[in-house]
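Step one of this worksheet: look at the structure below.
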């Protein structure tokens with residue numbers, strides 16, 4: 001029975017791997033300082049903070065203040081000096097849609113684990129009712145499914161391994177029911193979630209916890225569109241000249257976000273979050289950088305055809321005109337690239353008019369964007 005044999009071999013290999021990782025653990029420090037062995041400083045985590053940040057800075061544009069916070073967090077985690085009884089990190093990402101809140105978690109998972117999908121993602125809009133808390137902790141005793149201890153959480157991705165932390169993303173946290181929030185509060189406190197059956201636990205103490213929220217999006221957009229009109233509505237700032245200075249933007253937005261958070265979550269929940277970071281809306285110049293990034297991704301796909309694509313300035317300006325929308329962020333830009341670049345490019349490939357060893361250039365035309373042969377590679 002080859003299937004059974006393969007499964008047995010898989011479990012044996014996993015058991016051997018875990019035993020090897022256990023042997024590599026740093027010995028526990030004894031209670032007596034005199035008994036502590038003299039050894040070089042070492043860390044259990046094997047990811048390189050500098051390499052992780054290089055990848056993040058290449059893929060996440062226009063959010064340098066966010067990346068700086070992520071870098072500081074990774075340094076603390078890598079040094080292994082976090083509270084051992086709580087999750088490694090609890091972060092909340094706020095800001096407009098389409099600015100990279102979810103993408104930054106994907107890239108972080110790719111940089112640490114080598115796979116963009118190596119994290120557990122929970123869409124909190126699916127847990128909007130109180131009884132949906134059972135989707136996290138399993139059905140309580142006496143209810144259907146209680147013995148199975150089923151949960152939507154991926155234990156392996158959450159717990160990670162000895163050398164790499166687990167990652168979980170709670171997307172759109174503001175849409176979760178109060179009961180679900182209370183369940184998360186318990187996790188933030190002790191780092192462990194017990195499945196309702198009582199037979200299994202999920203350990204979050206080796207986990208990076210991220211949450212995203214669109215709280216304050218309308219107000220942030222209003223501030224971006226007309227700063228002075230927005231300030232006029234915020235009397236506490238309108239009558240305080242000190243908030244009109246160089247740091248007026250940060251002061252107003254911080255105050256705004258704080259008010260929205262306090263109206264949506266209990267203080268004890270907010271108080272357990274390590275970092276609350278507001279993403280910037282995308283500026284026009286950042287969109288040109290995103291277009292270059294999207295073009296690079298297209299060219300990686302074109303390697304199989306032996307050709308490549310370049311966008312000239314006129315084509316980029318056209319895409320920015322069609323795709324610049326602060327309300328929807330980079331998503332409208334991606335739709336513009338898909339419509340005006342990828343569709344005509346796909347037509348070339350389908351008709352087999354695209355030739356190997358040829359470089360194509362996308363230029364603005366009366367109809368939109370036209371792709372022409374630039375030169376031979």
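The values are calculated or read from the model by the stated rules, or taken from the named source; none is laboratory data. As the structure is a prediction and not an experimental result, all values here were calculated from the model. Here the Cβ positions follow ideal geometry from the backbone for every residue, glycine too, while neighbour counts run over all protein chains shown.
Kindly indicate which of 252, 187 is crowded, with 20+ Cβ neighbours inside 10 Å, on the phi < 0 side of the Ramachandran plot and modelled with pLDDT under 75. Step through it out loud before you land on a result.
Details: 187 fails: modelled with pLDDT under 75.
None of the others qualify; the one that does is 252.
From the list 97, 126, which residue is out of contact with any strand residue (DSSP E or B) (no Cβ under 7 Å at 6 or more places or on another chain), in a loop (DSSP other than H, G, I, E, B) and either at pLDDT below 95 or under 20 Å from residue 164 (Cβ atoms) (or both)?
On the way: 126 fails: in a loop (DSSP other than H, G, I, E, B).
It is 97.
Out of all the residues in the stretch 190-208, which are on the phi < 0 side of the Ramachandran plot, modelled with pLDDT of 90 or more and either assigned to a loop (DSSP other than H, G, I, E, B) or not assigned by TED's automatic domain parsing to the domain that holds residue 125 (or both)?
204, 205, 206
Does residue 267 satisfy the condition of being out of contact with any helix residue (DSSP H, G or I) (no Cβ under 8 Å at 6 or more places or on another chain), surrounded by fewer than 18 Cβ atoms within 10 Å (Cβ to Cβ) and touching a residue at least 24 places away in the same chain (Cβ under 8 Å)?
No.
Would you be able to say whether some residue in the stretch 79-87 is touching a strand residue (DSSP E or B) at 6+ places or on another chain (Cβ under 8 Å), modelled with pLDDT of 95 or more and either over 27 Å from residue 190 (Cβ atoms) or in the same structural domain as residue 187 (by TED's automatic domain parsing) (or both)?
Taking the stretch 79-87 and keeping what is touching a strand residue (DSSP E or B) at 6+ places or on another chain (Cβ under 8 Å), we get 82, 87.
Next, from what is left, pick out any that are modelled with pLDDT of 95 or more: 87.
Subsequent filtering for residues that are either over 27 Å from residue 190 (Cβ atoms) or in the same structural domain as residue 187 (by TED's automatic domain parsing) (or both) retains 87.
Yes, the conditions are met somewhere in the stretch 79-87.
I need a count of the residues in the stretch 336-358 that are out of contact with any helix residue (DSSP H, G or I) (no Cβ under 7 Å at 6 or more places or on another chain) and either loosely packed, with under 15 Cβ neighbours inside 10 Å or modelled with pLDDT under 90 (or both).
12
Which one is surrounded by the fewest Cβ atoms within 10 Å (Cβ to Cβ), of the residues in the stretch 148-183 that are touching a residue at least 60 places away in the same chain (Cβ under 8 Å) and over 15 Å from residue 120 (Cβ atoms)?
So, considering only residues that are touching a residue at least 60 places away in the same chain (Cβ under 8 Å) and over 15 Å from residue 120 (Cβ atoms), the one surrounded by the fewest Cβ atoms within 10 Å (Cβ to Cβ) is 163.
Go through the stretch 348-377 and report how many residues are without any contact (Cβ under 8 Å) to a residue 40 or more places away in the chain and under 30 Å from residue 100 (Cα atoms).
1
Find the strands (runs of 3 or more DSSP E) located wholly in the stretch 269-377 whose residues include 3 or more that are within 30 Å of residue 211 (Cβ to Cβ) and in contact with a strand residue (DSSP E or B) (Cβ under 9 Å, 6 or more places away or on another chain), and list them.
On the way: elements: 275-278, 308-311, 358-364, 369-376.
Result: 275-278.
In this structure, is residue 62 modelled with pLDDT under 90, assigned to a loop (DSSP other than H, G, I, E, B) and in the same structural domain as residue 189 (by TED's automatic domain parsing)?
Spelling it out, it is not the case that residue 62 is modelled with pLDDT under 90, assigned to a loop (DSSP other than H, G, I, E, B) and in the same structural domain as residue 189 (by TED's automatic domain parsing).
The conditions are (1) under 26 Å from the mean Cα position of the chain (by Cα); (2) more than 14 Å from residue 287 (Cβ to Cβ), and residue 331 fails exactly one of them. Which is it?
(2)
Condition first: under 19 Å from the mean Cα position of the chain (by Cα) and over 16 Å from residue 48 (Cβ atoms). Now tell me which residues in the stretch 73-95 satisfy that.
Within the stretch 73-95, 87, 88, 89, 90, 91, 92, 93, 94, 95 meet the criteria.
Can you confirm whether residue 330 is crowded, with 18+ Cβ neighbours inside 10 Å, touching a residue at least 40 places away in the same chain (Cβ under 8 Å) and outside the structural domain of residue 209 (by TED's automatic domain parsing)?
It is true that residue 330 is crowded, with 18+ Cβ neighbours inside 10 Å, touching a residue at least 40 places away in the same chain (Cβ under 8 Å) and outside the structural domain of residue 209 (by TED's automatic domain parsing).
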